[in-house]
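Here is the structure we will look at, set down as structure tokens.
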Amino acid sequence: MFARDPLFWRAGAVSSLIVTLVVLAMLTTDTLRVITAGGQNVPTYTVINHQIGYEYVTDRNEYMPTIGGQEPLFGKIYSPAQAEALVRHGKLVIQSRACLDCHTMFGTGAYYAPDLTKAWLDPAWEHLWMPMTGTHTRADAIAAFLQHPEQYPTWTREMPNLHLTLDEAQAVVAYLKWVSAVNTNGFPYGFKTAAAGGT
């Protein structure tokens, strides 16, 4: 069947557009439900006040983050507003220093330096970096390293000194802790903590 009437084609185009917009709206709503802070896969910013672990879930056949009891970050429990501001500040610091020119996060960035998606959970912070930096917490070890990476060379590819202040380094740590609690459906593949059976 061939219709020469332009109204037929216009009506078909309009109805196709309406159906597409409805489907797009439904997909957008579902996606936002999953990826918004406090949503299905992304914890609220106050997760930085808690212990974050990583364990294998048999029925999903993947590792997933776990949220434990209270664990003050830098000796402080942050209110929801303070936690959100700190995490957002950390994200801006990472963007301002172009960290993803070398690192990867959520599959975006470069593969020159370590993936940062689960960096907070890396057991090396406790086993290697805390003794090396002379600190007593994972958060303090990460902040010390971020402020003076040239003092702790451990790889052939050394991280440059980005001249972070203590506040900026602590904000980045908060961001990395929050990111590690995001359920990334097992990404990055093969990442395990010491408690989960290796690094």
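Counting charges near Y54 (Lys, Arg +1; Asp, Glu -1) among other residues having Cβ under 9 Å from its Cβ returns a value of +1.
Mean sequence separation of contacting Cα pairs (under 8 Å, at least six apart), scaled by the length of region 1-87, corresponds to a relative contact order of 20 percent. All other residues whose Cβ lies under 11 angstrom from that of N185 are scored, Lys and Arg at +1 and Asp and Glu at -1, for a net of 0. Rg and Dmax of the chain, based on Cα coordinates, read 21.8, 80 Å. In the chain, taking the dipole from charged Cβ atoms about the Cα centre, the farthest positive-side position among Q147, Y111, H127 is held by Y111.
When only the Cβ of Lys, Arg, Asp and Glu is charged (+1, +1, -1, -1), the dipole of the chain relative to its Cα centre reaches about 500 debye.
Answer with one residue from Q51, L27, G69: the one whose Cα lies farthest towards the positive end of the charge dipole of region 16-86, charges on Cβ with Lys, Arg +1 and Asp, Glu -1. After comparing all options, I get L27. When Y78, Y56, Y112, Y63 are sorted by how many other C-beta atoms sit within 10 angstrom of their C-beta, beginning with the fewest, the order is Y112, Y56, Y78, Y63. Here the extension length gained between R157 and K192 equals 10.3 nm, from 0.36 nm per residue of separation less the Cα-Cα distance. Charge tally for Y175 (other residues, Cβ to Cβ under 10 Å; Lys, Arg +1; Asp, Glu -1): +3.
Each reported figure results from applying straightforward, stated rules to the coordinates on display, with no laboratory input. All values reported here derive from a predicted model rather than from experimental measurement. For neighbour counting, all protein chains shown are included, and Cβ atoms are generated from backbone atoms with ideal geometry for every residue, glycine included.
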